[in-house]
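This report concerns only the one structure given below.
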Amino acid sequence: MASRVIPVEPFDLVIFGGTGDLARRKILPGLFRRFLSGQMTADSRIIGAARGALDADGYREMVRAGIQEFGGAEAQDEAGLGSFLERLDYVSVDATVEEGWSSLAGLMRDGVVRAFYFSVAPALFGPLAERLHQHGIANAQSRLVVEKPFGRDFESARALNRMLAEHFHEDQIYRIDHYLGKETVQNLMAVRFGNVLFEPLWNNHYIDHIQITVAETVGVEGRGSYYDKSGAMRDMVQNHLMQLLCLIAMEPPSRFEAEAVRDEKLKVIRALQPVPAHHVVRGQYDSDGERPSYREEAGSPRTFTESFIAIRAEIANWRWTGVPFYLRTGKKLRARHSEIAVVFKDLGHSIFEGDEKRHRNILSIRLQPNEGIDLTVTIKEPGPGGMRLIDRPLDMTFADALGEEAREIPDAYERLIMDVIRGNQTLFMRGDEVEAAWTWTDPIIAGWEKRNDVPKLYDPGSAGPDDALMLLHRDGRRWREIRG
Ligand code: NAD
């Protein structure tokens with residue numbers, strides 16, 4: 001694999017919830033790929049910690065099966081896989097029970113980075129932090145990775161922050177939002193701050209509006225009972241979509257460095273305006289006769305939880321006043337499609353006679369599928385017949401533009417875990433950011449709860465409820481197509 005890979009320091013990574021779905025599907029296959037690349041060296045270790053009574057060999061077999069199922073082409077590398085599995089150990093611990101903790105303490109080594117990944121329900125964050133402290137397993141240099149959801153409102157997020165702060169400093173805590181680990185999201189910053197072309201135009205003089213779409217084709221399936229307590233706003237908007245919005249809207253930080261970047265993101269969240277009820281559209285997928293409805297999948301016949309949401313947001317500062325940010329995300333939509341589209345303003349005056357079409361430059365940052373960036377530009381329609389203009393994208397799909405190198409792009413979890421080991425918090429959410437994000441979303445949720453808002457039904461495979469189209473039509477705008 002790549003020769004440019006710089007190995008990280010040796011580490012001991014303890015994964016609480018090491019037998020869970022996330023560990024099996026994402027964390028461990030990701031670490032395996034970093035091991036094959038040479039970034040995780042042979043003197044590092046991963047310790048699975050969970051409730052099940054497994055021994056180390058049993059755990060290795062479980063991880064082997066997970067990597068073979070989810071690890072992609074690299075899982076064929078038998079020798080590499082065997083060597084990776086030798087780096088694994090397992091301890092059976094229960095966050096709520098005293099036993100087992102001294103065996104974990106006995107496994108920890110001095111002189112290496114110590115990291116703890118809380119891939120468990122948030123209710124266990126406090127008890128786990130307490131045990132790590134009580135048994136001297138975590139020290140002042142240890143790092144702590146916590147999964148989403150980080151609270152379900154401002155109060156619970158603040159309580160979690162306070163609980164963690166009892167034993168860990170903020171600079172030891174890595175709150176994961178895997179959207180921030182995506183290659184394209186980082187490319188968004190490279191495009192904005194690495195080119196002279198865009199930043200001068202990045203404001204309300206030149207930008208008409210911004211659309212952020214995260215569309216999924218899957219429904220809630222087996223996660224129905226969990227999802228029904230959260231809904232699209234808590235599960236997607238409060239974290240992922242708001243993080244994307246922050247990166248688009250923030251002022252240029254003085255350096256690409258954790259505190260500078262996170263300070264700027266926080267300022268954006270604080271400048272977000274309260275959202276009136278008519279700027280929010282909630283939806284829920286119906287049955288199409290064959291596939292089950294949301295209510296059937298959630299096992300809750302009268303639930304009003306939203307599986308779709310669209311919001312018109314506004315940022316009150318000099319750069320963005322007057323530029324709406326339209327956010328939408330939903331399940332069982334037409335295609336799996338995530339995109340940030342920066343739609344520039346119309347040309348003030350056209351010199352081309354007879355050209356009445358509205359030509360707009362659109363910078364589109366595609367998160368999935370076909371990660372890449374394209375810029376719609378206006379050109380002359382080829383051939384005779386005078387100056388007729390057409391709009392075409394300058395397309396940079398990373399897989400084409402970067403060739404071999406694109407295959408070496410680590411996925412979001414891989415990159416973020418390596419950042420934890422390197423001690424780089426730039427792509428993680430700070431505690432005050434998460435709290436501020438809830439401060440914006442809480443009144444929106446409280447508003448629809450007070451109104452007993454009933455989500456609009458939409459057909460599976462559609463673009464969401466019609467009311468979401470109206471949200472833009474009212475402003476004389478249109479959503480971009482959701483296409484795979
Ligand atoms: P899971 O139910 O599959 O696994 C839970 C794990 O926690 C198991 O290993 C279990 O042994 C362990 N556990 C449960 N109770 C414990 C206790 N008292 N003490 C010690 N260990 C205990 O859950 P998951 O899907 O892997 O999710 C884990 C966390 O990651 C959750 O917070 C979830 O919200 C978050 N998350 C999951 C996904 C996903 O795709 N699965 C995505 C994003 C975030």
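The values are calculated or read from the model by the stated rules, or taken from the named source; none is laboratory data. Note that the structure is predicted; figures quoted are calculated from it, not measured. Using ideal geometry, Cβ is built from the backbone for each residue, glycine included, and neighbour counts are taken over all protein chains shown. Each accessible area value is taken on the protein alone, full model and side chains, heavy atoms only, with ligands, DNA and RNA left out. Shrake-Rupley method; radii C 1.70, N 1.55, O 1.52, S 1.80 Å.
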For the stretch 206-263, how many residues are within 16 Å of the ligand (Cβ to nearest atom) and touching a His at 6+ places or on another chain (Cβ under 7 Å)?
1
For the stretch 61-77, indicate whether the set of residues that are out of contact with any Gly (no Cβ under 8 Å at 6 or more places or on another chain), among the aromatic types (F, W, Y), under 21 Å from D411 (Cβ atoms) and within 16 Å of the ligand (Cβ to nearest atom) is non-empty.
yes
Residue, nearest to K26 (Cα to Cα), within the stretch 78-110, restricted to residues that are free of Cβ contacts under 8 Å to residues at least 24 places away in the same chain, of a type outside the set (D, E, K, R) and more than 16 Å from the ligand (Cβ to nearest atom):
G82
So, in the stretch 333-359, how many residues would count as being over 22 Å from R388 (Cβ atoms) and modelled with pLDDT under 90?
0
Where in the stretch 307-425 are the helices (runs of 4 or more DSSP H), entirely inside, with at least 3 residues that are without any contact (Cβ under 8 Å) to a residue 40 or more places away in the chain?
398-401, 404-407
Determine, yes or no, whether V261 is among the aliphatic types (A, V, I, L, M) and either part of a loop (DSSP other than H, G, I, E, B) or free of Cβ contacts under 8 Å to residues at least 60 places away in the same chain (or both).
no
Flagged in the stretch 365-413 as open to solvent by less than 50 Å² (accessible area, probe 1.4 Å), more than 30 Å from F35 (Cβ to Cβ) and within 25 Å of the chain's Cα centre (by Cα), in numbering order, are I365, I373, D374, L375
Only residues in the stretch 123-152 that are within 11 Å of the ligand (Cβ to nearest atom) count as the first member; pair them with residues that are open to solvent by 60 Å² or more (accessible area, probe 1.4 Å) and not in a loop (DSSP other than H, G, I, E, B), Cβ under 7 angstrom, at least 6 apart or cross-chain, and list the lot.
F125/M163
Just to verify a result, which residue in the stretch 1-59, among those that are assigned to a helix (DSSP H, G or I), touching a helix residue (DSSP H, G or I) at 6+ places or on another chain (Cβ under 7 Å) and of a type in the set (A, V, I, L, M), is farthest from the ligand (Cβ to nearest atom)?
L36
Could you name every one of the helices (runs of 4 or more DSSP H) located completely within the stretch 72-178 that has at least 2 residues being more than 20 Å from A53 (Cβ to Cβ) and open to solvent by 40 Å² or more (accessible area, probe 1.4 Å)?
78-86, 125-134, 154-165
Filter result for E221 (closer than 27 Å to T426 by Cα and open to solvent by 10 Å² or more (accessible area, probe 1.4 Å))
no
Within the stretch 203-222, count every residue that is more than 27 Å from F118 (Cβ to Cβ) and in contact with a strand residue (DSSP E or B) (Cβ under 8 Å, 6 or more places away or on another chain).
11
Among the residues that make up the stretch 314-331, is at least one of them under 17 Å from the mean Cα position of the chain (by Cα) and closer than 24 Å to L201 by Cα?
yes
Against the definition (of a type outside the set (G, A, S), open to solvent by 50 Å² or more (accessible area, probe 1.4 Å) and closer than 22 Å to V237 by Cβ), how does R295 come out, yes or no?
yes
Test: residue in the stretch 249-258 that is open to solvent by less than 20 Å² (accessible area, probe 1.4 Å), within 30 Å of Q284 (Cα to Cα) and within 16 Å of the chain's Cα centre (by Cα)
no
